[in-house]
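The values are calculated or read from the model by the stated rules, or taken from the named source; none is laboratory data. Not measured: the values here are computed from a predicted model. Cβ atoms come from the backbone with ideal geometry, glycine included; neighbour counts cover every protein chain shown. Accessible surface areas use protein heavy atoms only, side chains included; no ligands, DNA or RNA. Shrake-Rupley method; radii C 1.70, N 1.55, O 1.52, S 1.80 Å.
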Amino acid sequence: MTKEAHLQLLGEIRAEISQHMQWRRKLFDHPDNTEFEITPESVEDTYPSLAKKK
């Protein structure tokens, strides 16, 4: 995967996660600037198809 394609994929994942109710709740329940690592395991229950992308 090229660097450009990888960056585009990460952008798509961030956009999808930020719109999901479970992740929005997690984002709003924590202070600003809280970092969340996006890994296949952390999105597996919300987006199984994203968890399989590499």
Inset, instruction - Could you run through the stretch 6-35 and say how many residues are among the polar types (S, T, N, Q) and at pLDDT below 80? - result: 1
Legend entry - Cβ pairs under 9 Å, 6+ apart, first in the stretch 25-44 and closer than 22 Å to residue 12 by Cβ, second open to solvent by less than 90 Å² (accessible area, probe 1.4 Å) and among the small types (Gly, Ala, Ser): 27/18; 36/42; 39/51; 40/51; 41/51; 42/51; 43/51; 44/51
Inset, instruction - Determine whether residue 38 is surrounded by 12 or more Cβ atoms within 10 Å (Cβ to Cβ), part of a loop (DSSP other than H, G, I, E, B) and at pLDDT below 85. - result: yes
